[in-house]
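Chemist: There's a structure below that I have some questions on.
The values are calculated or read from the model by the stated rules, or taken from the named source; none is laboratory data. Everything numeric here is computed off the predicted structure, so don't read it as measured data. Glycine also receives a Cβ, built like all others from the backbone with ideal geometry; neighbour counts cover every protein chain displayed. Just the protein is used for accessible areas: all its heavy atoms, side chains included, with ligands, DNA and RNA removed. Shrake-Rupley method; radii C 1.70, N 1.55, O 1.52, S 1.80 Å.
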Amino acid sequence: MKKDFMFTSESVTEGHPDKLCDQISDAIVDHFLQQDPYSRVIAECAVSTAIVFIAARFESNASVDFPNIARQVISQIGYDQHAFNGKTCSILTSLKELPPNGHLCFDENRLSEEEIEKIPVKNQVTVFGFACNQTSALMPLPIWLAHRLARRLTSVRLQKILTYLAPDGKTQVGVEYRDRKPYRIHSITVTASQKMASEPDLKRFLSEIREAVIDAVFVEEEIKPDDRTQFFINPDGPFITGGPSIHSGLTGRKNAIDTYGEYARQSGAALSGKDPMRIDRIGAYAARYAAKNVVAAGLASECEVQLSYSIGLSKPVSIQVETFGTGRIPDEDIAAIIERHFDFRLAGIMRQFNLRHLPSIVKGGFYRKLAAYGHVGRMDIGLPWELTDKVNILKT
């Protein structure tokens with residue numbers, strides 16, 4: 001296994017068209033679950049110049065205004081351009097209401113273990129969870145830094161520190177590794193959209209992005225840019241307005257950004273726009289939970305947990321662990337330990353994380369908050385799968 005290498009990961013701001021679609025899709029999921037926690041819903045979205053298309057299938061007692069939700073999200077993100085804004089964009093919908101299916105309206109908190117065992121998954125998927133000791137959040141350093149830069153890019157816009165910024169933006173960080181440990185920052189790329197080409201001039205733009213975004217993020221980081229670090233700020237030239245008027249967006253197209261920045265594997269299935277009965281979404285959260293606790297317990301410095309599900313069964317048909325040579329005990333022993341101490345059954349995951357009810361508990365909704373800056377590794381919104389409450393059990 002390669003020990004010395006350079007790895008890059010990218011992130012995007014909440015105004016990126018793909019992330020705009022993810023947020024609309026997850027805002028729809030939130031609205032369904034807030035009214036009816038037993039709702040089943042899959043919502044997908046596409047955006048382009050002046051157009052939003054929403055496709056959804058749902059089974060619910062809730063009443064949801066799809067166009068209004070989309071317009072609210074667009075406006076909240078900050079799109080107020082003539083070419084694309086929440087008030088005047090056209091919104092097309094293709095909605096299918098499914099007939100009631102009573103056996104899906106169970107309360108997992110009231111079920112016995114035997115009853116939970118009888119709740120099967122309705123999708124076939126292999127999901128992955130990963131953790132490593134490169135950051136305090138037990139995430140790979142490149143995606144951690146890329147997310148921090150993207151969040152800062154949004155923050156300086158919303159706080160009116162850099163008033164000329166538009167919502168769309170991208171970041172990328174390259175990290176050099178020695179002996180599989182982060183050694184130095186190889187490169188930093190920030191692509192920020194501007195409201196107009198005439199303001200500010202290039203010199204001021206480069207200086208202010210460097211100072212207000214890049215330097216501000218790395219103040220708190222242990223590994224900082226050095227005199228060999230390469231900086232690329234809008235390397236293609238001015239990026240005017242950005243957003244759907246420049247490039248289209250689609251729900252689920254940024255899976256690597258949602259997970260581990262391609263430093264570790266991910267299933268390829270979209271995470272956003274799905275209710276908690278979808279194992280291809282919540283299984284990824286359960287796998288992260290297990291991997292993070294393994295690393296936090298000191299059983300390995302890197303851990304990837306793979307869960308494979310088949311339609312009609314309640315639990316994974318396969319649980320695999322890979323520690324990339326960093327495990328204190330054999331990988332198969334770690335797999336056996338997590339199989340004993342973690343519940344990977346569909347209804348068990350829903351019960352453990354309270355996934356049907358979080359949209360009503362968390363102010364402003366829950367799932368939409370996941371749709372930008374990562375579904376895992378978040379330390380800002382108290383995600384249940386980011387807890388390390390199994391550490392003491394695993395240590396013994």
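Chemist: Would you mind computing Rg(Cα) / (2.2 N^0.38 Å) for the stretch 277-396, counting N as its residues?
Modeler: Values: Rg = 14.5 Å, N = 120, 2.2 N^0.38 = 13.6 Å.
The reported ratio for this selection is 1.07.
Chemist: Sum -39500 (n - 2.57) across every DSSP H segment of at least 4 residues in the chain, then divide by the residue count to get the 222 nm mean residue ellipticity, nearest 500.
Modeler: Values: 12 runs with 116 residues, N = 396.
Value at 222 nm, helices only: -8500 deg cm²/dmol.
Chemist: Sticking with the crude label model, points 7 Å out along Cα→Cβ, report the distance from Thr396 to Lys122 in nm, one decimal please.
Modeler: That separation, rounded to one decimal, is 4.0 nm.
Chemist: Please work out the Cα center distance from the stretch 271-298 to the stretch 319-396, rounded to the nearest Å.
Modeler: Here the answer is 5 Å between Cα centres.
Chemist: For the stretch 180-274, go through all pairs of different Cα atoms, get the mean of 1/r, take its inverse, and jot down that Kirkwood value in Å. Mind showing how you got there, number by number?
Modeler: On the way: mean 1/r = 0.0617 Å⁻¹.
Value: 16.2 Å, from the Cα pair sum.
Chemist: Out of all DSSP beta bridges in the chain, what portion is antiparallel? Express it as a percent rounded to 5.
Modeler: In the chain, DSSP labels about 75 percent of beta bridges as antiparallel.
Chemist: Quick one: of the DSSP bridges fully inside the stretch 1-137, what percent are antiparallel, nearest 5?
Modeler: On the way: 10 of 18 bridges.
Of all bridge pairs located within the stretch 1-137, approximately 55 percent are antiparallel.
Chemist: Quote to one decimal, in nm, the extra length available between Lys96 and Ser63 on full extension: 0.36 nm per residue of separation minus the C-alpha distance between them. Walk me through the numbers before you get to the answer.
Modeler: Details: separation 33, 0.36 × 33 = 11.88 nm, distance 1.33 nm.
Length gained, Lys96 through Ser63: 10.5 nm.
Chemist: Next question. Just grab the label-to-label distance for Ala336 and His82, each label 7 Å out from Cα along the Cβ direction, in nm (one decimal).
Modeler: Label-label distance for Ala336 and His82, simple model: 7.0 nm.
Chemist: Next question. No partner Cβ under 4.7 angstrom, meaning no disulfide-compatible partner by this rule: which Cys of the chain qualify?
Modeler: Singleton cysteines: Cys89, Cys105, Cys132, Cys303.
Chemist: Let me ask something additional. Modelling each spin label as a point 7 Å along the Cα-to-Cβ direction, I'd like the Ser360/Ile51 distance in nm, to one decimal.
Modeler: Distance between label points: 3.9 nm.
Chemist: Also, I was wondering about something else. For the pairs Lys181/Lys395; Lys170/Lys363; Lys224/Lys395, note any where the Cα-Cα span goes beyond 30 Å.
Modeler: Numbers: Lys181/Lys395 24 Å; Lys170/Lys363 28 Å; Lys224/Lys395 33 Å.
From the list (Lys181/Lys395; Lys170/Lys363; Lys224/Lys395), the Cα-Cα distance tops 30 Å for Lys224/Lys395.
Chemist: On the principal axes of its Cα set, how long, how wide and how thick is the stretch 232-301? Give whole Å, largest value first.
Modeler: If we take the Cα atoms of the stretch 232-301, the spans are 48, 33, 15 Å.
Chemist: Now a separate question. Out of every Cα pair in the chain, what percent are spaced more than 30 Å from each other?
Modeler: 42
Chemist: Next up: For the chain, what does the accessible surface come to per residue with a 1.4 Å probe? Please give it in Å².
Modeler: Numbers: 16920 Å² over 396 residues.
Ligands and nucleic acids excluded, the figure is 43 Å² per residue.
Chemist: Compute the Rg to Rh ratio over the stretch 19-116 from the alpha carbon atoms, using the Kirkwood formula for Rh, and round to two decimal places.
Modeler: Details: Rg = 16.0 Å, Rh = 14.7 Å.
Checking Rg against Rh, the ratio lands at 1.09.
Chemist: For the chain, what % of the accessible area comes from carbon and sulfur atoms, probe 1.4 Å? Walk me through the numbers before you get to the answer.
Modeler: Details: 8310 of 16920 Å².
Solvent-exposed carbon and sulfur of the chain make up 49 percent of the total.
Chemist: Just Ser25, Ser360, Ser193 to compare: in a GNM of the chain, with alpha carbon springs under 10 Å, which one fluctuates most?
Modeler: Greatest mean-square fluctuation among the candidates belongs to Ser360.
Chemist: Next up: Where Lys and Arg each count +1 and Asp and Glu each count -1, what net charge lies around His31 among other residues with Cβ under 12 Å from its Cβ?
Modeler: Numbers: positive: Arg368; negative: Asp26, Asp30, Asp36, Asp65, Asp275.
The answer is -4.
Chemist: Okay, moving on. Assuming 0.36 nm per residue, please report the length gained on full extension of the stretch Ser75 to Lys3 beyond their Cα-Cα distance.
Modeler: Working: separation 72, 0.36 × 72 = 25.92 nm, distance 4.59 nm.
Roughly 21.3 nm would be gained on extension.
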